[in-house]
Amino acid sequence: MSLGENLLYLRKKAGLSQEAVAEKLNVSRQTVSKWETGQTVPELIKAKLLSQLYNVSYNYLISGSHMGGDVTDIEMIVDEIDWTSAWSKKYPILDSYQGMKGINTYSEKISELYDTFKNELGFNDVDTVLVLKDILYQKYKTAKKKTNP
């Protein structure tokens, strides 16, 4: 989505007219129209004010990316995150385990377990992941207690 399309979308989502936006930013209605049609772009200070007006990050305003953006769309933000990459900064094993010898065997076993678990219990994909993750976490906590009494 272009900046202009994004500005138009956000203004309509906010239920504001071009006149109302223009008044809040101390510009003309024609200026708002030119921003929305892509004829011009807002100055940096006006872009900052627009992001505040629409309650979105500056990054979201200019790129349309939900990363760090519209706080009302948390689920969209979460879906865009590469969690493996994000967590690998703290846990480097996440960057390297996929190339380990024999890992494919375990990956296939876990995939089979996932499918069986999902089908036998009638869970959807999200519930299957959440329950399996929780089972693994409980196992981790138990093992940690045994090694750190």
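Just wondering, is there one or more residues in region 88-96 that are assigned by TED's automatic domain parsing to the domain that holds Lys133, part of a helix (DSSP H, G or I) and modelled with pLDDT under 85? Please lay out each step first, then the result.
Looking only at region 88-96, we keep the residues that are assigned by TED's automatic domain parsing to the domain that holds Lys133, and these are 88-96.
If we keep only those that are part of a helix (DSSP H, G or I) as well, we get 88, 93-96.
Filter once more, so that each one left must be modelled with pLDDT under 85: 88, 95.
Checked region 88-96: at least one residue is assigned by TED's automatic domain parsing to the domain that holds Lys133, part of a helix (DSSP H, G or I) and modelled with pLDDT under 85.
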message: Just to be sure before I move on: is Thr84 farther than 19 Å from Leu3 by Cβ, assigned to a helix (DSSP H, G or I), touching a helix residue (DSSP H, G or I) at 6+ places or on another chain (Cβ under 7 Å) and at pLDDT 90 or above in the structure I sent?
response: no
- line: By residue number, the members of region 11-31 that are farther than 17 Å from Met1 by Cα and surrounded by fewer than 17 Cβ atoms within 10 Å (Cβ to Cβ) are Ala14, Gly15, Ser17, Glu19, Ala20, Glu23, Lys24, Asn26, Ser28, Arg29, Gln30
- prompt: Pick from region 107-125 the residues that are part of a helix (DSSP H, G or I) and of a type in the set (Phe, Trp, Tyr): which of them is nearest to Tyr97 (Cα to Cα)?
  reply: Tyr114
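Matching residues to (1) surrounded by fewer than 10 Cβ atoms within 10 Å (Cβ to Cβ); (2) assigned by TED's automatic domain parsing to the domain that holds Leu94; (3) among the basic types (Lys, Arg):
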| position | (1), (2), (3) |
| --- | --- |
| Tyr106 | no, yes, no |
| Ser111 | no, yes, no |
| Phe117 | no, yes, no |
| Gly122 | yes, yes, no |
| Asp125 | yes, yes, no |
| Val129 | no, yes, no |
| Ile135 | no, yes, no |
| Lys139 | no, yes, yes |
| Ala143 | no, yes, no |
message: Just to be sure before I move on: is Thr128 under 24 Å from the mean Cα position of the chain (by Cα) and either of a type in the set (S, T, N, Q) or assigned to a loop (DSSP other than H, G, I, E, B) (or both) in the structure I sent?
response: yes
Residues located in region 32-50, provided they are buried (at least 18 other Cβ atoms within 10 Å of the Cβ) and not hydrophobic (A, V, I, L, M, F, W, C): Glu36, Pro42
field: Number of the condition not met by Tyr137 [criteria: (1) assigned to a helix (DSSP H, G or I); (2) modelled with pLDDT under 90]
entry: (2)
Any chance Gln52 is assigned to a helix (DSSP H, G or I), in the same structural domain as Gly15 (by TED's automatic domain parsing) and at pLDDT below 90: yes
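Pick from Lys46, Lys13, Lys24, Lys34: which is in a helix (DSSP H, G or I) and modelled with pLDDT under 90? Don't jump to the end; show me each part of the working.
Details: Lys46 fails: modelled with pLDDT under 90; Lys24 fails: modelled with pLDDT under 90; Lys34 fails: modelled with pLDDT under 90.
Of Lys46, Lys13, Lys24, Lys34, the one residue that is in a helix (DSSP H, G or I) and modelled with pLDDT under 90 is Lys13.
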task: Test each condition in (1) at pLDDT 90 or above; (2) assigned to a helix (DSSP H, G or I) for Thr40 and report the one that comes out false.
output: (2)
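The values are calculated or read from the model by the stated rules, or taken from the named source; none is laboratory data. The model shown is predicted, which means the values in this text are computed figures rather than measured ones. Backbone-built Cβ (ideal geometry, glycine too); neighbour counts: all protein chains shown.
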